[in-house]
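Undergrad: I'd like to ask you about the structure that follows.
Bear in mind these aren't lab numbers, they're just calculated from the coordinates by the rules spelled out. Note that the structure is a prediction, hence the values are computed from the model and not measured. When we count neighbours, we look across all protein chains shown, and the Cβ atoms used for this are built from the backbone with ideal geometry, even at glycine.
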Ligand SMILES: Cc1cc2nc3c(=O)[nH]c(=O)nc-3n(C[C@H](O)[C@H](O)[C@H](O)COP(=O)(O)O)c2cc1C
């Protein structure tokens, strides 16, 4: 699949078939994540792969009962690793770069999932403390996104995008 086709065709999928995701495909998604750009190539992120029903239930609870998350055969939780980023970049590393690293990896993974015929969704709305407890996360890991992954059982209409003219500012920022 052409990169523009993947970028434009990817949708947030919130309904999944029961079919499990093959390990080879999970591996490819993870590989796509590792090829994302990262500050100083530190790759300061970790991913927790959740397949067990009891942990999934805890993630649904952390995400304010968004049931579709638990219906995906696989849930990936991407976390920024502040220790790794701090080693090279101090505060800018812990406050910004590790979160950007995780976000870059997440977008690569969303695109890879789509290119492989899978569906996924970035879920950012969750109670961080509940999520931390569910996954035994140490303090130095900051959860960035919960990504349920599975075979799509929906084909959502593309939500509208801002016009390019609306987002560009020539030479200096100007309020429109
Ligand atoms: C930072 C961020 C947070 C998001 N949080 C949620 C969320 O909590 N729940 C959800 O269903 N979708 C969430 N989304 C997905 C967006 O709703 C979705 O990307 C947007 O509506 C555009 O639709 P599309 O992804 O199909 O193009 C989030 C996306 C991003 C980037």
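Undergrad: Which ordering of 109, 76, 1, 42 is given by a fewest-first count of other beta-carbon atoms within 10 Å?
TA: Lowest count first: 1, 42, 76, 109.
Undergrad: If all Cα-Cα distances of region 132-176 are sorted into 10 Å bins from 0 onward, what percent lands in each bin, rounded to whole numbers?
TA: 16, 21, 19, 31, 12
Undergrad: Could you give the alpha-carbon Rg of the chain over 2.2 N^0.38 Å, rounded to two decimals?
TA: This ratio for the chain stands at 1.09.
Undergrad: In a GNM of the chain with a 10 Å cut-off on Cα contacts, which of 12, 38, 125 has the highest mean-square fluctuation?
TA: Result: 125 has the largest fluctuation of those listed.
Undergrad: Among 131-138, 79-86, how do they line up from the highest to the lowest mean number of other beta-carbon atoms within 10 Å?
TA: Sorting 131-138, 79-86 by mean packing, highest first, produces 79-86, 131-138.
Undergrad: What's the extension gain from residue 133 to residue 6 if we count 0.36 nm per residue and subtract their Cα-Cα distance?
TA: Between residue 133 and residue 6, full extension yields an extra 42.2 nm.
Undergrad: Counting pairs of alpha carbon atoms under 8 Å apart in space and at least six apart in sequence, what relative contact order in percent does the chain give?
TA: Contact order relative to length: 34 percent.
Undergrad: Still on this model: As a test of the formula, what do you get for the chain when each DSSP H run with n ≥ 4 contributes -39,500 (n - 2.57) and the sum is divided by the residue count, at 222 nm and rounded to the nearest 500 deg cm²/dmol?
TA: When only DSSP H runs of four or more count, the value is -12000 deg cm²/dmol.
Undergrad: Starting with the fewest neighbours, write out 74, 110, 25 ranked by other beta-carbon atoms found within 10 Å of each beta-carbon.
TA: Exposure proxy ranking, most exposed first: 25, 74, 110.
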